[in-house]
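Below is one structure, written out as structure tokens; comments come after it.
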Amino acid sequence: MKKRSKNYLNPMAEIVKSKDSRRIFIETLNELAEHDPTIVVLICDVGFNYLDDPSNKFKVLNLGVTEQSTMIIAAGLALSG
């Protein structure tokens, strides 16, 4: 009998692990932040811990479940430079 891989129920698991869009997003932000240290990421309590890595080169503000207020804060940050 052929031995099944650990992820036989989800054959896309390995692909998703290596090509996860969140990981690519964070890597891209880190590359951009090397050239522009003023980059700030605003999130609305999305519940994933990709942004909790202390080695990230950008600032993160988790504003909780306040989507409308986040838009106002983003506009204020953009206007202030």
Q: Could you look through the range 46-66, keep only residues that are part of a helix (DSSP H, G or I) and open to solvent by 90 Å² or more (accessible area, probe 1.4 Å), and pick out the one that is nearest to E34 (Cα to Cα)?
A: D52
**Q.** Matching option when the condition is hydrophobic (A, V, I, L, M, F, W, C), modelled with pLDDT of 80 or more and part of a helix (DSSP H, G or I), among I73, I15
**A.** I73
Q: Please find, within the range 35-45, the residue that is modelled with the highest pLDDT out of those that are under 12 Å from the mean Cα position of the chain (by Cα) and outside any strand (DSSP E or B).
A: C44
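The values are calculated or read from the model by the stated rules, or taken from the named source; none is laboratory data. As the structure is a prediction and not an experimental result, all values here were calculated from the model. Ligands, DNA and RNA are stripped out before the accessible areas are found, and what is left, the full protein with its side chains, is counted by its heavy atoms. Shrake-Rupley method; radii C 1.70, N 1.55, O 1.52, S 1.80 Å.
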